[in-house]
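Worksheet: one structure, shown below.
The values are calculated or read from the model by the stated rules, or taken from the named source; none is laboratory data. If you're wondering where the values come from, they're calculated on a predicted model, not measured in any experiment. Methodologically, a virtual Cβ is constructed for each residue, glycine included, from the backbone with ideal geometry; neighbour enumeration extends over all protein chains shown.
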Amino acid sequence: MQIILKTFAFFILTIFNCKAQKSQPSDFIPKGYVVFEKYFGDLNNDGLEDCVLIIKKTDSSHIVLNRFDKKVDKNRRGIIVLFKNEKGYEFVDKNYNCFSSENEDGGVYFAPELWIEIKNKKLYVHYGHGRYGYWEYTFRFQNSNFELIGYDSSSNHGPIINTITSINFLTKKKLIKKNTYENAEGNDEIFKEIWSNIDIENLIKLSEIKDFDELDMYHY
């Protein structure tokens, strides 16, 4: 009888500990993926540090030889967004396959570098291309999804900025700033501003983007 009581007590204690255990970001990684990068910051204005995971598939068939006969991992990457709460973390949004591999071949140029930033309660997906400029997508949590509310890019020639583009999908306005100073050397550009309206009915959801490399902003 004493053995039965001890076994029962152990069973109850195990259940209690399982319920009390807080969820961690690693609990949300799908099978066949690993964590590539982690980012922390407040995305929903509650003062808690939310978490953004960049994950990477682990399919061995996508480990191949590149044009330099070097073995590289061409598995694609994805994103998982988690909100922090009193129980740990809760799932908010995901897209398991929207980013190309970090080992893409940029041809005569190097491939752009992806990084994530959490700032002002927004999620920024940034592609840096060194001396050639950058492009950046701004997402905000609304309507139970992370939706694309802004886009910014800079087209550079070394230290000289040729064109700056900024799109606000909430106000449906687009601004293009073109450098008109042909002898600019950097930080001395003279920009002409061109404003226009954009036509968009529904905001783009993070979860619905098939490939950021094919996300065309030029038609707006």
(Q) Regarding segment 152-175, can at least one residue be identified that is outside any strand (DSSP E or B), charged (D, E, K, R) and over 30 Å from K94 (Cβ atoms)? (A) no
(Q) Can you pull out every residue in segment 27-43 that is acidic (D, E) and over 21 Å from K121 (Cβ atoms)? (A) D27
**Q.** Failed item in (1) within 30 Å of V72 (Cα to Cα); (2) modelled with pLDDT under 95, with Y137 passing the rest
**A.** (2)
Q | Checklist (1) more than 18 Å from D211 (Cβ to Cβ); (2) small (G, A, S); (3) surrounded by fewer than 17 Cβ atoms within 10 Å (Cβ to Cβ) applied to A111, failing item | A | (1)
Q) If only one of L43, L123 is crowded, with 18+ Cβ neighbours inside 10 Å, under 30 Å from P159 (Cα atoms), hydrophobic (A, V, I, L, M, F, W, C) and modelled with pLDDT of 95 or more, which one is it? A) L123
(Q) When the residues of segment 22-40 are narrowed to those that are outside any loop (DSSP other than H, G, I, E, B) and among the β-branched types (V, I, T), which ends up surrounded by the most Cβ atoms within 10 Å (Cβ to Cβ)? (A) V35
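Listed here are the residues, each with its yes/no results for (1) loosely packed, with under 15 Cβ neighbours inside 10 Å; (2) within 18 Å of P112 (Cβ to Cβ); (3) touching a His at 6+ places or on another chain (Cβ under 7 Å); (4) not acidic (D, E).
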residue: S144; (1), (2), (3), (4): yes, no, no, yes
residue: Y151; (1), (2), (3), (4): no, yes, no, yes
residue: I176; (1), (2), (3), (4): no, no, no, yes
residue: A184; (1), (2), (3), (4): no, no, no, yes
residue: I190; (1), (2), (3), (4): yes, no, no, yes
residue: E193; (1), (2), (3), (4): yes, no, no, no
Q | Residue satisfying all of: in segment 204-220; modelled with pLDDT of 95 or more and either of a type in the set (S, T, Y) or in a helix (DSSP H, G or I) (or both); surrounded by the most Cβ atoms within 10 Å (Cβ to Cβ) among these | A | L206
Q: Would you point out the residue of segment 63-108, among those that are exposed (fewer than 13 other Cβ atoms within 10 Å of the Cβ) and among the small types (G, A, S), that is farthest from the chain's Cα centre (by Cα)?
A: G107
Q: Go through E201, E193, E189 for me and flag whichever is over 30 Å from I79 (Cβ atoms) and at pLDDT below 95.
A: E189
Q. What is the number of the single condition among (1) out of contact with any Pro (no Cβ under 7 Å at 6 or more places or on another chain); (2) not acidic (D, E); (3) not in a strand (DSSP E or B) that G186 does not meet?
A. (1)
